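The next block holds one structure in the form of structure tokens; read it before the comments.
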Amino acid sequence: MKTAEAPTVDVFSATSPSRAALELVANKWAMLLMPALRDGPMRNNELLRRVGGISQKMLTQTLRELERNGLVLRTDHHSVPPHVEYALSDVGRPLGEAFVAVGRWAEAHHRDLADARRAFDGQERG
């Protein structure tokens with residue numbers, strides 16, 4: 001009986017299962033929510049206030065997907081009124097830290113990017 005070869009774990013390979021991980025985290029809301037959770041558990045409304053521009057629907061969808069993939073933990077305290085908190089898992093914590101670095105880079109270089117766009121857009125193309 002022939003066994004199937006395991007897919008190569010190389011993000012540059014089109015068949016790599018690591019591509020699904022990249023697709024999950026290459027989402028602007030995931031890249032903002034995960035660092036927001038790095039200092040500890042937060043409730044839904046805290047996350048809505050922290051991450052400007054996210055809708056309740058998108059927050060819920062993103063948190064569910066992160067939870068489904070083991071990056072975020074959801075704790076329901078089974079109380080009235082409802083008290084649910086979200087926190088990074090052991091797997092999600094290092095990724096949250098990596099996204100902090102990406103966020104700092106974006107804050108430090110957004111002007112450089114805008115300058116480059118203006119210079120590029122001002123060039124005549126032949």
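The values are calculated or read from the model by the stated rules, or taken from the named source; none is laboratory data. Owing to the predicted nature of the structure, the values given are computational and were not obtained by experimental measurement. Because the Cβ atoms are built from the backbone with ideal geometry, glycine has one as well, and the counts that use them run over all protein chains shown.
In the range 53-90, the qualifying residues are those that are under 24 Å from residue 102 (Cα atoms) and assigned to a loop (DSSP other than H, G, I, E, B), and the one that is nearest to the chain's Cα centre (by Cα) is 71.
Looking across the range 13-39, the residues that are in contact with an Asp or Glu (Cβ under 9 Å, 6 or more places away or on another chain) and in a loop (DSSP other than H, G, I, E, B) come down to 16, 27, 38. Among the residues of the range 40-52, those identified as surrounded by 13 or more Cβ atoms within 10 Å (Cβ to Cβ) and part of a helix (DSSP H, G or I) are 44, 46, 47, 48, 50. Residue-level check: of (1) under 26 Å from residue 105 (Cα atoms); (2) in contact (Cβ under 8 Å) with a residue 12 or more places away in the chain, residue 46 misses just (2).
Could you please let me know if residue 19 is more than 14 Å from the chain's Cα centre (by Cα) and farther than 23 Å from residue 107 by Cα? When the stated conditions are applied, residue 19 passes them. For the range 1-30, the candidate set comprises residues that are loosely packed, with under 11 Cβ neighbours inside 10 Å and among the small types (Gly, Ala, Ser); within that set, the residue that is modelled with the lowest pLDDT is 6. Identify, by number, the condition in (1) in contact with a helix residue (DSSP H, G or I) (Cβ under 6 Å, 6 or more places away or on another chain); (2) without any contact (Cβ under 8 Å) to a residue 60 or more places away in the chain that residue 70 doesn't meet. Among (1) in contact with a helix residue (DSSP H, G or I) (Cβ under 6 Å, 6 or more places away or on another chain); (2) without any contact (Cβ under 8 Å) to a residue 60 or more places away in the chain, the lone unmet condition for residue 70 is (1).
Quickly run through the range 97-107 and pick out the residues that are surrounded by 10 or more Cβ atoms within 10 Å (Cβ to Cβ) and either part of a loop (DSSP other than H, G, I, E, B) or of a type outside the set (A, V, I, L, M, F, W, C) (or both). Answer for the range 97-107, where residues must be surrounded by 10 or more Cβ atoms within 10 Å (Cβ to Cβ) and either part of a loop (DSSP other than H, G, I, E, B) or of a type outside the set (A, V, I, L, M, F, W, C) (or both): 97, 103, 104. Evaluating residue 110 against the criteria (1) in a helix (DSSP H, G or I); (2) surrounded by 15 or more Cβ atoms within 10 Å (Cβ to Cβ) leaves one unmet condition, (2). Taken over the range 53-86, residues that are surrounded by fewer than 11 Cβ atoms within 10 Å (Cβ to Cβ) and under 25 Å from residue 104 (Cα atoms) amount to 2.
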